[in-house]
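The values are calculated or read from the model by the stated rules, or taken from the named source; none is laboratory data. Everything quoted here is computed from the prediction, not taken from an experiment. Because the Cβ atoms are built from the backbone with ideal geometry, glycine has one as well, and the counts that use them run over all protein chains shown. Ligands, DNA and RNA are stripped out before the accessible areas are found, and what is left, the full protein with its side chains, is counted by its heavy atoms. Shrake-Rupley method; radii C 1.70, N 1.55, O 1.52, S 1.80 Å.
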Amino acid sequence: MQMTDFCNHLYNESTDGYIQILKLNEKNSAGERTIKIYNTRNDGLREIVEVLHNESDVFLAPNTMYLPKRRVENIRQFRALFQDIDCNKLGFEKAETVYMIWMLYYDGKVPKPTMVTDSGQGVHLYWRIENAPYGALNTWQELQDYIYYQLKHLGADRKSTDGARVLRLPGTINSKNEANCEVLYIDNELEYSMYDLREQYLNYKPKAYQLQVQETKKVDSRVISNRFFNSYSLHMERANDLQTLCKLRKYHMTGFRNMAIHCYAYWKGIYVRDSYELENVVMELNSAFTEPLKDTEIRAILRSVPKAIDKFIAYEQGRRSGECKRVSKGMRDKEGYWYKNETLIERLEINRSEQKHMKTIIGTEEKYRRNNEKRTPRNENGLTKKQQELQDLKKKIIELKEQEFSNREIGRQLKISETKVRNTLKK
C-alpha cells in the first residue's frame, strides 16, 4: 500500500517523538470544518493511516514533536526537507513540473528528491535526511529556503516551508478536485546529511576544515560565523532576547509594545511560516503584557510580516547565488527588517543591567565586558587567578603576623622575600 511505503520512507526504528496527523471533517450546519488530530508514535502510525485510507483531506507532519502539540519549538526530529509545489496555479502540468525539477537536479541547482507525491493539485517533494534534533533548526530552515528559492518559479509555496508543516498524505483524496493523492516516485536507498547539503549548496566551509581551524586555533571569523552565527540564528536569538527582556520587566512593556511586537513577529516569522500559527505565537506574548495591545493592532502589525520574510529569503538566497553582494556596514541595502543593536537598545530603552541577560542585543560596553571576561577568566568572587593568589597570600601573612612572627620569619616560611611581605602588608 502506498501509505505504508510513504511512512516507511520517512519513519523507521530511529524515529523518536510524536507524529501528527490531521483530518479535516465535512462542514457542519454552521458551514465550519472541524479538525480531528491524531498524535502517534512510529509504532502506531501505520495502523492509523490504514483507517484513513481513501478519506478526504488528511495531512501528516514529516517532522516529529517531543510534545503532542505541533509547533516549531516542539520539534524533536527533523526527518526530511520538503516543498509544496502548486504548479496548477502557474499552468504547469505535474509531469512537466517533475521533469523541470529533475533538470534542476542535473544542473546542480537542487538535490535529487528521495520521494515525489501527487497532492491532487500539485506535487510534494521530499528529501529524506539523517534525523537531526531541534538544535539543527538553523541549518534545516536555511536549506529549506534555498530549495524554495530555486523552485519558486515552478509554484513552490513559502507558507509550506516551516518545520511544523503538514502535507497531504498519499492514499487519501483532495476534496478540492476529488483527485487521489499518491506516491509518484520513491528512492529508499537515498538519504542525505544536512551538513553535506549545506557544504554543497550553501557555500559553507567543509566540516573537516572547520575542525582543523579550531584545533590549530587559527581563528577565521568567517568560518566560525558561518558555522554558528548567521542571519537565521541571529533572528532566533533576538526573539529569545526579546522574551527575556519582557520577563525581566515582568511584562510591563507599555510604551514599547508596538516595537516589541513588530520585532518579535518578524523574528519568529523567519521560522514560523504558517500565518495562523504565527498569529497565535504573537498573541501569546501580547496577552502576557500588563497592558496588551488590541487584537486588531496585532493583526495590523502581522500583515507586514509575510512580505518582509519574502524579502529576507530573496536577499539571503540571492547573496548565496551571487545575485547580490554582501551588505554595507550600515545595512542600508539589506531586504526585510534589519535593526542595529544601537537602534534596538535606544527604542526599547534596554539598560546595561538588562543587556547582561541577553545574547545578541548588547551595546559596546557590554560587548567589551564579555570580551574581557573571556580573556581574563574570573572565579565566583569576581577575581582573576592572580588576584585570588595575592588575596590568599595576604591572608596567610596576616595570620602569621598575628602570631608575632617577624617579616623575615614569615618570608622564610612562605618562601618569599622580606620586602614582599612588607609590601603586601602595606597594601
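Overview of values
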{"read-out": "Enumeration of residues in the stretch 283-309 that are open to solvent by less than 60 Å² (accessible area, probe 1.4 Å) and among the hydroxyl-bearing types (Ser, Thr, Tyr)", "value": "SER304"}
{"read-out": "Residue in the stretch 180-198 that is least open to solvent (accessible area, probe 1.4 Å), counting only those that are in contact with a helix residue (DSSP H, G or I) (Cβ under 7 Å, 6 or more places away or on another chain) and free of Cβ contacts under 8 Å to residues at least 60 places away in the same chain", "value": "ARG198"}
{"read-out": "Within the stretch 137-172, considering residues that are of a type in the set (A, V, I, L, M, F, W, C) and within 17 Å of the chain's Cα centre (by Cα), the one nearest to VAL272 (Cα to Cα)", "value": "ALA164"}
{"read-out": "Residue satisfying condition, being surrounded by fewer than 22 Cβ atoms within 10 Å (Cβ to Cβ), in contact with a Gly (Cβ under 7 Å, 6 or more places away or on another chain) and on the phi < 0 side of the Ramachandran plot, within set LYS152, LYS176", "value": "LYS176"}
{"read-out": "Qualifying residue in the stretch 271-278 (condition: surrounded by fewer than 21 Cβ atoms within 10 Å (Cβ to Cβ) and over 16 Å from the mean Cα position of the chain (by Cα))", "value": "yes"}
{"read-out": "Enumeration of residues in the stretch 119-136 that are under 12 Å from the mean Cα position of the chain (by Cα) and either buried (at least 21 other Cβ atoms within 10 Å of the Cβ) or among the small types (Gly, Ala, Ser) (or both)", "value": "GLY135, ALA136"}
{"read-out": "Looking only at the stretch 280-300, and only at residues there that are aliphatic (A, V, I, L, M) and touching a helix residue (DSSP H, G or I) at 6+ places or on another chain (Cβ under 8 Å), the one that is farthest from THR139 (Cα to Cα)", "value": "LEU293"}
{"read-out": "Filtered residues of the stretch 97-118 (kept if of a type in the set (A, V, I, L, M, F, W, C) and open to solvent by 10 Å² or more (accessible area, probe 1.4 Å))", "value": "VAL98, MET100, TRP102, MET103, LEU104"}
{"read-out": "Enumeration of residues in the stretch 253-279 that are touching a helix residue (DSSP H, G or I) at 6+ places or on another chain (Cβ under 9 Å) and more than 16 Å from ASP295 (Cα to Cα)", "value": "MET253, PHE256, CYS263, TYR266, TRP267, LYS268, GLY269, ILE270, TYR271, VAL272, ARG273, ASP274"}
{"read-out": "Among residues of the stretch 243-263, those that are within 19 Å of the chain's Cα centre (by Cα) and open to solvent by 10 Å² or more (accessible area, probe 1.4 Å), counted", "value": "3"}
{"read-out": "Selection from the stretch 133-159 of residues that are out of contact with any helix residue (DSSP H, G or I) (no Cβ under 9 Å at 6 or more places or on another chain) and part of a helix (DSSP H, G or I)", "value": "GLY135, GLN144"}
{"read-out": "Set LEU390, LEU383: member being in contact (Cβ under 8 Å) with a residue 24 or more places away in the chain, open to solvent by less than 100 Å² (accessible area, probe 1.4 Å) and of a type outside the set (D, E, K, R)", "value": "LEU390"}
{"read-out": "Count of residues meeting criterion [closer than 22 Å to PRO133 by Cα and of a type in the set (Gly, Ala, Ser)] in the stretch 28-73", "value": "2"}
{"read-out": "1 or more residues among the basic types (Lys, Arg) and in contact with a Gly (Cβ under 6 Å, 6 or more places away or on another chain): qualifying strands (runs of 3 or more DSSP E) within the stretch 25-132", "value": "75-85"}
{"read-out": "Residue pairs meeting the criteria (Cβ under 9 Å; at least 6 apart or on separate chains; first more than 17 Å from HIS262 (Cβ to Cβ), in the stretch 292-321; second open to solvent by less than 60 Å² (accessible area, probe 1.4 Å) and of a type in the set (S, T, N, Q))", "value": "ILE313/THR161; TYR315/SER231; GLU316/ASN230; GLU316/SER231; GLN317/GLN150; SER321/GLN150"}
{"read-out": "Every residue from the stretch 250-286 that is of a type outside the set (A, V, I, L, M, F, W, C), more than 16 Å from ALA308 (Cα to Cα) and not in a loop (DSSP other than H, G, I, E, B)", "value": "ARG257, ASN258, TYR276, GLU277, ASN280, GLU284, ASN286"}
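Table: residues versus (1) part of a loop (DSSP other than H, G, I, E, B); (2) at pLDDT 85 or above.
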| site | (1), (2) |
| --- | --- |
| TYR368 | no, yes |
| ASN371 | no, no |
| GLU380 | yes, no |
| LYS386 | no, no |
| LYS395 | no, yes |
| LYS401 | no, no |
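Matching residues to (1) more than 26 Å from HIS153 (Cα to Cα); (2) at pLDDT 95 or above; (3) open to solvent by 10 Å² or more (accessible area, probe 1.4 Å); (4) in contact with a strand residue (DSSP E or B) (Cβ under 8 Å, 6 or more places away or on another chain):
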position: ASP43; (1), (2), (3), (4): yes, no, yes, no
position: VAL51; (1), (2), (3), (4): yes, no, yes, no
position: GLU55; (1), (2), (3), (4): yes, no, yes, yes
position: ALA61; (1), (2), (3), (4): no, yes, no, yes
position: THR64; (1), (2), (3), (4): yes, yes, no, yes
position: LEU67; (1), (2), (3), (4): yes, no, yes, yes
position: ARG71; (1), (2), (3), (4): yes, no, yes, yes
position: ILE75; (1), (2), (3), (4): yes, yes, no, yes
position: GLN83; (1), (2), (3), (4): no, yes, no, yes
